[in-house]
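Worksheet for the structure shown next.
The values are calculated or read from the model by the stated rules, or taken from the named source; none is laboratory data. Given the structure is predicted, the values throughout are model-derived calculations rather than measurements. Cβ coordinates were reconstructed from backbone atoms using ideal geometry, including for glycine residues, and neighbour counts include every protein chain displayed. For accessibility, only protein heavy atoms count, side chains too; no ligands or nucleic acids. Shrake-Rupley method; radii C 1.70, N 1.55, O 1.52, S 1.80 Å.
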Amino acid sequence: MTRRILLVNGPNLNLLGTREPEVYGTATLDDIVALTTGAAQEAGFEVRSIQSNHEGVLIDAIHDARADCAGIVINPGGLTHTSVVLRDALTGVSLPFAEVHISDVYAREEFRHHSYLHDVAAVRVVGEGVEGYATAVRQLAALIP
Ligand code: CA2
């Protein structure tokens, strides 16, 4: 059984740590990859990480995960609220996935309250800051035999 998790960060998350610290904190994307990798290793998993600002690149990475990953941790960024395509990719590969949001989307604008992934995610972690990635990976790992 493959013991690898794909970590996916969507559009604009490469800007973490450079702007809007009051919303997203001061950690960078590299910090998130490191903390997710550490939590995954404690649970017996490797991590492969991708961040892209392009929806199709994310879709291809999710499709490729079928070959060698046991689950996916994803912060889809703004695509959360817009993308049927991303939902179809995630359900299409039949891997369990965790949806993560750094901020509390329910305390923000109403358009952030709806997620196209909420009913198909195995795990959801919202509003725990970047530590939410570690929570997500632990909860997801616990679901993988
Ligand atoms: O809270 C989250 O993790 C979000 O997924 C982040 C998305 C937002 O569209 C979702 O509603 C909630 C935005 C990611 C953009 O991140 C930035 C980070 C620093 C500076 C600018 C954008």
* Asked: Counting only heavy atoms of protein chains, what accessible area per residue, in Å², does the range 1-52 have with a probe of 1.4 Å?
  -> 52
* Structure fact -> For the range 36-88, the dipole about the Cα centre with charges only on Cβ (Lys and Arg +1, Asp and Glu -1), to the nearest 20 debye, works out at 100
* Could you bin all the Cα-Cα distances of the chain into 10 Å bins starting at 0 and give me the percent of pairs in each, rounded to whole numbers? => 12, 48, 35, 5, 0
* Structure fact -> Projected onto the charge dipole of the range 1-119 (unit charges on the beta-carbon of Lys, Arg, Asp and Glu, signs +1, +1, -1, -1), the Cα from Leu35, His63, Ile74 with the largest positive-side position is that of His63
* Asked: Tally Lys/Arg at +1 and Asp/Glu at -1 over every other residue whose Cβ is under 14 Å from the Cβ of Gly10; what's the total?
  -> -1
* Towards the positive end of the charge dipole of the range 46-145, with charges on Cβ (+1 Lys, Arg; -1 Asp, Glu), say which of Tyr133, His54, Ala122 has the farthest Cα. => Ala122
* Accessible carbon and sulfur surface of the range 1-69 relative to its total accessible area, %, 1.4 Å -> 47
* **Sequence ranges 57-69, 121-133, ranked by mean other-Cβ count within 10 angstrom, highest first** => 121-133, 57-69
* What's the extension gain from Glu109 to Val126 if we count 0.36 nm per residue and subtract their Cα-Cα distance? -> 4.7 nm
* Run the quick spin-label model on Asn53 and Asp30: label points 7 Å from Cα toward the beta carbon, then report their separation in nm to one decimal. => 1.9
